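Single-structure report; data block below.
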């Protein structure tokens, strides 16, 4: 194993580790990169590049203050925000979301999302499954599934990327590949990981020299093992070296390559938008732009965790700070996808783990409400400019067209060209598992 040493850095968990870049262990959990590439080939590399951008609203966003306002309900239910008209006739959303309202013909709202668990976790949003019903090893998140099924679009770019920060409440952090194994862990470009992507003091020429050295070592090992006359590096090791000498991923994450006007459109990062932002719940507007650049570079699934919506108190104070930021970043992302011709291939889904109580509590907050939730969808060639489902007059429960997390997952997979009714993956016991509990996409969207 070749090592390109770097400096010493400290993780956020205060554990000192060497900032070293190992050719054999770059990808995930110490797994040799050539072995990862072999596994990806066995999974099969897809010929099309369709992608998903998932925006996870940690903590459970208030549906009745964002996309399902009830202006005729009693004041203790309807809250402080007023509805505004949108580009879709007859559809209103929150006054805090004017940018999305002005382009709602490019969105679809699901107001009747049901089946949520009363659990603060990203699990259901990124797997489509209930946490309490898992096979051995656990359900994999969608980025890991795409890594296993389709592999990378470009050998130098990982198929799945997790842009979320490390969050203090551990279940908010993405669950990972489950029984698919570490080879399919989404790449997480934290500050430390980005340092790893820089070959400190090592030129491409020097890396190529080390490739020659590895070839010689490989030849000697093969001779010793009696493997025959072929002493050439196998193509997976050559491909691993190619990843290290490519700058495509680093360039995709370098937002300074975008014109200033584009960066301004997405808005400024607000690391102090909430009183507890230091716990990892920050409004990083730049991640919306990074997500667009990553899917252009070949990433199949990008996940963003945005701010936090667990407002048991000060719901309206926090809402005035956070919801307009989401509105700006989301509108910029969807507009950008359309302008760059990506709206047919890139699906966007925005949601959280559950909704909030209709009744406002004594602390001017809303509590957990798993009985109904919402989702915003865009792109993917889906039918936009519509509202799916409805809740009763107090936003308590779905009274028309209930939709489950599994239904949305079936739709996302279908938009990726994957038939959920016939596609399975074997779990650790060798049993075939369907990708989603629902086997048909949402008919209104396709």
| request: Only residues that are within 18 Å of the chain's Cα centre (by Cα) and either surrounded by fewer than 24 Cβ atoms within 10 Å (Cβ to Cβ) or in a loop (DSSP other than H, G, I, E, B) (or both): list them for region 302-324, please. | output: 304, 306, 307, 308, 309
| field | Check on residue 84, part of a strand (DSSP E or B) and free of Cβ contacts under 8 Å to residues at least 60 places away in the same chain | value | yes
| query | Would you say residue 443 is free of Cβ contacts under 8 Å to residues at least 60 places away in the same chain and more than 21 Å from the chain's Cα centre (by Cα)? | reply | yes
| message | Just checking: which of the helices (runs of 4 or more DSSP H) contained wholly in region 101-211 hold 1 or more residues that are at pLDDT 95 or above and either on the phi < 0 side of the Ramachandran plot or buried (at least 16 other Cβ atoms within 10 Å of the Cβ) (or both)? | response | 123-127, 142-150
| Within region 78-90, which residues are within 28 Å of the chain's Cα centre (by Cα) and surrounded by 15 or more Cβ atoms within 10 Å (Cβ to Cβ)? | 86, 88
| task | Can you confirm whether region 373-392 contains a residue that is over 17 Å from the mean Cα position of the chain (by Cα) and within 24 Å of residue 172 (Cα to Cα)? | result | yes
| query | Pick from 346, 295, 299, 350: which is buried (at least 19 other Cβ atoms within 10 Å of the Cβ) and under 18 Å from residue 94 (Cβ atoms)? | reply | 350
| Of the residues 290, 229, 215, which is at pLDDT below 55 and either in contact with a strand residue (DSSP E or B) (Cβ under 9 Å, 6 or more places away or on another chain) or farther than 30 Å from residue 54 by Cα (or both)? | 229
| Subset of region 42-77 that is within 22 Å of residue 300 (Cβ to Cβ) and either more than 23 Å from the chain's Cα centre (by Cα) or part of a strand (DSSP E or B) (or both) - its residue that is modelled with the lowest pLDDT | 42
| Residue tally, condition touching a residue at least 40 places away in the same chain (Cβ under 8 Å), in a helix (DSSP H, G or I) and under 15 Å from residue 331 (Cβ atoms), over region 245-286 | 3
| Residue in region 359-367 that is at pLDDT 95 or above and not in a loop (DSSP other than H, G, I, E, B) present | no
| field | Considering residues of region 330-358 that are assigned to a helix (DSSP H, G or I) and without any contact (Cβ under 8 Å) to a residue 60 or more places away in the chain only, the residue nearest to residue 395 (Cα to Cα) | value | 337
| note | Out of (1) assigned to a loop (DSSP other than H, G, I, E, B); (2) out of contact with any strand residue (DSSP E or B) (no Cβ under 8 Å at 6 or more places or on another chain); (3) within 24 Å of residue 391 (Cβ to Cβ), the one residue 327 does not meet is (1)
| task | Could you grab me the full set of residues in region 387-437 that are free of Cβ contacts under 8 Å to residues at least 40 places away in the same chain, buried (at least 20 other Cβ atoms within 10 Å of the Cβ) and in contact with a strand residue (DSSP E or B) (Cβ under 7 Å, 6 or more places away or on another chain)? | result | 420
| Does residue 334 fit the bill of being surrounded by 21 or more Cβ atoms within 10 Å (Cβ to Cβ) and under 14 Å from residue 107 (Cα atoms)? | yes
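The values are calculated or read from the model by the stated rules, or taken from the named source; none is laboratory data. Computed from a predicted model, the values in this text were never measured in an experiment. Every residue, glycine as well, gets a Cβ built from its backbone with ideal geometry; the counts of neighbours run over all protein chains shown.
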